[in-house]
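Working notes for the structure below.
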Amino acid sequence: MLTADHSRDDYGVTHETEPGDPSNPDHAKRRKLPLAPPSVKVERLPDPLTEVGEPLSIEEAQVAYLRTQRASWTADDRTSKYERHRYQTYPRILDADRHFQSEYDELTTAMFSRRLSPLDESGNWLTPWECNEMLHGGSIHRSIREAVDYQLDGFPYEWVAVTAPTQSAGTPHEHLYFWIDDPDDEVTTEYFETGLGRHLDHCVNAYQKHHQYRTDGSGGAITVQHSPDVVDEYPDKLDNVLEESTPHPNTTGAQYLASQLAHLPVGDFYDGTKDNPSEALLEGAALSWASPRNWFRTSRGVPAL
């Protein structure tokens, strides 16, 4: 059974919520923090996210991010981060999902989610930059990849990784989605336990209590589906256009993963027919813009559009 707090999104994927209480008044204090600590040279940040040689606060960075991205969106000679995610990365994930449904005789899908606490040992908020470096820094990507490669040796498989901000505090967390050719339904959550262990060992502020999962693969930090659920209704026109080109509807996991791309909330923010996204999602998108780390990663076999 799951022992951590979990919720179920619109595509049926169960995932952890932000560690801690999002209604905590300390979140107001968090938004006053600088986007990056003093140890980070301001030259590493986009100019709009600095002022007088200092990083903007998280709250200020959100405003600067939205202003700059909107200007790029409406300009003829620039492409916004939102447009890149919406019309390039988003359809690439869904196209890859349909490709591997056709390519593999018996598809198994798996999702492995990596999280960390945004609070230090004293209960103080870390800056978004520090959280991002903890999640992606050092050799953690290679260590996890080697662990999963060893467990899945002999299975043809490919993967996509998407980093997204949490709804409550904008803390970066990463979802890795795997397409595996598994004709005998051999792959279980055990195949990803070593990778999870590497994350817990090497990622500062990553705790076991925030990575609970069901051993049958039905929910939590590791999910596995031998007969993957597929979407029965696409969220918008672009998805319908993509779906018409193939007999395979997308798996719910791939649709969920695509929906997590960090810059997509900008579209909802400027769409008068939709509810505004949480401030934390927009603050996280500003971090994604500032980050030297790649928030979208793929294995070599994932096709380009």
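Here are some notes:
- Residue check, Val148 over 23 Å from Ser39 (Cβ atoms), among the hydrophobic types (A, V, I, L, M, F, W, C) and in a strand (DSSP E or B): no
- Residue check for Leu200: assigned to a helix (DSSP H, G or I), out of contact with any Pro (no Cβ under 8 Å at 6 or more places or on another chain) and not small (Gly, Ala, Ser): yes
- Looking only at residues in the stretch 250-266 that are among the aliphatic types (A, V, I, L, M) and closer than 19 Å to Ala280 by Cα, the one that is surrounded by the fewest Cβ atoms within 10 Å (Cβ to Cβ) is Leu264.
- All conditions in (1) surrounded by 18 or more Cβ atoms within 10 Å (Cβ to Cβ); (2) among the hydrophobic types (A, V, I, L, M, F, W, C); (3) within 22 Å of Ala28 (Cβ to Cβ); (4) out of contact with any Asp or Glu (no Cβ under 9 Å at 6 or more places or on another chain) hold for Leu45, with the sole exception of (3).
- Condition check for Thr163: over 23 Å from His99 (Cβ atoms), of a type in the set (Val, Ile, Thr) and modelled with pLDDT of 95 or more: no
- For the stretch 174-209, a tally of residues being surrounded by fewer than 23 Cβ atoms within 10 Å (Cβ to Cβ) and touching a Gly at 6+ places or on another chain (Cβ under 7 Å) returns 3.
- So Ser122, is it outside any strand (DSSP E or B), of a type in the set (Gly, Ala, Ser), surrounded by 13 or more Cβ atoms within 10 Å (Cβ to Cβ) and modelled with pLDDT under 95: no
- The residues of the stretch 110-129 that are more than 17 Å from the chain's Cα centre (by Cα) and of a type outside the set (A, V, I, L, M, F, W, C), listed by number, are Asp120, Glu121, Ser122, Gly123, Asn124, Thr127.
- Among the candidates Leu135, Leu116, residue that is in a loop (DSSP other than H, G, I, E, B), touching a residue at least 40 places away in the same chain (Cβ under 8 Å) and in contact with a Cys (Cβ under 8 Å, 6 or more places away or on another chain): Leu116
- Of the helices (runs of 4 or more DSSP H) lying entirely inside the stretch 22-94, those containing at least 3 residues that are basic (Lys, Arg) span 26-31.
- Top-ranked residue in the stretch 151-162 [being in contact with a helix residue (DSSP H, G or I) (Cβ under 7 Å, 6 or more places away or on another chain) and part of a strand (DSSP E or B); ranked as farthest from Ala206 (Cα to Cα)]: Glu158
- Any hit, the stretch 27-34, residues being at pLDDT below 95, touching an Asp or Glu at 6+ places or on another chain (Cβ under 7 Å), within 18 Å of Asn132 (Cβ to Cβ) and crowded, with 16+ Cβ neighbours inside 10 Å: yes
- Subset of the stretch 96-113 [assigned to a helix (DSSP H, G or I) and out of contact with any Ser or Thr (no Cβ under 6 Å at 6 or more places or on another chain)]: Ala96, His99, Phe100, Gln101, Ser102, Glu103
- Among the candidates Arg92, Arg78, Arg84, residue that is basic (Lys, Arg), free of Cβ contacts under 8 Å to residues at least 12 places away in the same chain and either closer than 30 Å to Pro228 by Cβ or out of contact with any Cys (no Cβ under 8 Å at 6 or more places or on another chain) (or both): Arg78
- Note on the stretch 278-305: among residues that are out of contact with any Lys or Arg (no Cβ under 8 Å at 6 or more places or on another chain) and polar (S, T, N, Q), the one that is surrounded by the most Cβ atoms within 10 Å (Cβ to Cβ) is Ser291.
The values are calculated or read from the model by the stated rules, or taken from the named source; none is laboratory data. Being a predicted model, the structure only gives us computed values, none of them experimental. Cβ sites come from the backbone with ideal geometry, for glycine too, and all protein chains shown count toward neighbours.
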